[in-house]
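The values are calculated or read from the model by the stated rules, or taken from the named source; none is laboratory data. None of these values were measured; they are calculated from a predicted model. Counting neighbours? That spans all protein chains shown, and the Cβs are built from the backbone with ideal geometry, glycine included.
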Amino acid sequence: MQKWTVEQDIRATNIMKGISIIAVVCLHVFTSIPNMYTNLPVRSLVIGVDQLLRFCVPLFVVISGYGLASRYMRDLPVVQYFRKRVLRLIPLYLVWSGIFLFLFSDWQHTPISSLVRTILLGKADYHLYFVPMIIQLYVLFPLLRFLMNKGQKGTLFLTLFLQLGMYLFLTYASGHLIDYSSLIDQNHYAICLNWIFYFGFGMWIAYREGSRVKNQKSKESNVWVYSILALVGIWLAYTTAAQDILHGVDPLIALRFTRFSVIVYTIGFTGLLFLLRKYFLAIPRFVQTALAWCGNESYLIYLSHTVVLRIVFAIVVGVAFFSLLPISILYSIAVWISTYL
């Protein structure tokens with residue numbers, strides 16, 4: 001059997017990131033179209049596709065945990081780690097947070113303290129919660145690495161306990177302690193405990209592969225386990241979301257990433273992707289190249305794509321492109337600057 005090389009692993013991982021960022025963009029296209037989730041002719045199809053695409057952000061988190069654990073499994077120079085891995089995320093994030101605040105907020109009449117809080121919490125636009133969340137996980141990585149070295153399964157179950165505990169707290173709190181509307185979308189997505197199991201899962205995969213245990217029977221068993229989890233999870237995710245929306249629940253709440261059924265589906269689907277990722281290198285070369293490019297540029301695409309969506313949807317509803325020219329020029333300048341950061 002041909003040995004799986006580091007270069008192949010990097011390419012396959014970039015392809016997975018490319019798949020994820022395309023899924024993110026598709027998801028945001030759906031959520032940008034009015035009444036897509038309540039319009040009877042297409043409601044069932046849209047809800048189903050939406051739930052299928054909900055692997056996208058969790059997969060980014062799994063890949064982050066996997067990549068860091070693979071890179072720093074033997075040694076972790078802490079100062080270099082924070083400089084190279086944590087601080088490098090901030091410049092691009094600040095650029096694009098500034099762009100969103102400048103273009104789409106009333107920043108002239110907003111106190112400086114509120115603007116700073118908006119940036120710290122990832123609220124300059126609806127998708128920017130990801131950066132504060134992933135920075136929190138990156139900061140926790142040295143501790144999780146220490147725990148993983150002490151016990152891999154124990155650490156994995158600890159992260160699962162923390163994420164499910166957060167899910168149960170929010171579910172209970174929404175009906176008893178607090179108004180859940182205050183925690184919709186990025187307001188609670190920015191809390192790393194809602195994603196910590198995915199990060200730990202990625203680390204666990206790296207440690208399992210690093211142990212060089214090659215058991216074909218175990219791998220086949222895992223394929224079945226992950227497949228069952230994915231199928232059961234997506235069925236539960238679809239049926240519960242469809243019922244909630246039918247009964248008048250806000251689609252943002254009914255479809256959210258942090259539901260238990262989505263967690264089950266995501267564990268199964270991402271586990272399958274990692275087990276079968278060598279097959280990505282068997283797809284046509286031009287498709288590999290396109291997906292790998294998207295994966296390699298996924299951070300910039302993630303930060304910037306909602307500007308493009310706004311421009312496109314504005315044109316669709318009849319806004320003259322000439323009036324959108326200043327936004328388009330500013331977007332182009334920001335992308336150009338981003339390539340140097």
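The set of residues from the stretch 32-52 being surrounded by fewer than 19 Cβ atoms within 10 Å (Cβ to Cβ) and within 16 Å of the chain's Cα centre (by Cα) comprises just one member, Leu52. Criterion applied to Ala237, Ala242 was being modelled with pLDDT of 95 or more, more than 20 Å from Phe130 (Cβ to Cβ) and part of a helix (DSSP H, G or I), and the one residue passing it is Ala237.
Just to be sure, is Ser338 closer than 30 Å to Leu193 by Cα and in contact with a Ser or Thr (Cβ under 7 Å, 6 or more places away or on another chain)? I'd like the intermediate steps shown before the answer.
Numbers: closer than 30 Å to Leu193 by Cα: yes; in contact with a Ser or Thr (Cβ under 7 Å, 6 or more places away or on another chain): no.
Spelling it out, it is not the case that Ser338 is closer than 30 Å to Leu193 by Cα and in contact with a Ser or Thr (Cβ under 7 Å, 6 or more places away or on another chain).
In the stretch 136-156 there is no residue matching the filter, namely being over 18 Å from Trp204 (Cβ atoms) and among the hydroxyl-bearing types (Ser, Thr, Tyr).
Restricting attention to the stretch 186-231 and to residues that are crowded, with 20+ Cβ neighbours inside 10 Å and small (Gly, Ala, Ser), the residue that is modelled with the lowest pLDDT turns out to be Ala190. Evaluate the stretch 321-339: report whether one residue or more is closer than 27 Å to Ile191 by Cα and free of Cβ contacts under 8 Å to residues at least 60 places away in the same chain. There is no residue in the stretch 321-339 that is closer than 27 Å to Ile191 by Cα and free of Cβ contacts under 8 Å to residues at least 60 places away in the same chain.
Is it true that Leu137 is in contact with a Cys (Cβ under 7 Å, 6 or more places away or on another chain) and in contact (Cβ under 8 Å) with a residue 60 or more places away in the chain? Yes, satisfied.
Is it fair to say Val232 is over 19 Å from the mean Cα position of the chain (by Cα) and part of a loop (DSSP other than H, G, I, E, B)? Steps first, please.
Details: over 19 Å from the mean Cα position of the chain (by Cα): yes; part of a loop (DSSP other than H, G, I, E, B): no.
Here the answer is no, as Val232 does not meet what is asked.
Evaluating Leu324 against the criteria (1) surrounded by 13 or more Cβ atoms within 10 Å (Cβ to Cβ); (2) at pLDDT 95 or above leaves one unmet condition, (2).
Scanning the stretch 113-140 for residues that are out of contact with any Ser or Thr (no Cβ under 9 Å at 6 or more places or on another chain), part of a helix (DSSP H, G or I) and of a type outside the set (Ser, Thr, Tyr) turns up Val116, Arg117, Leu120, Phe130, Pro132, Met133, Ile135, Gln136, Val139, Leu140. Set side by side, the residues Ile10, Ile21 differ, and just one is touching a helix residue (DSSP H, G or I) at 6+ places or on another chain (Cβ under 8 Å) and in a helix (DSSP H, G or I), which is Ile21.
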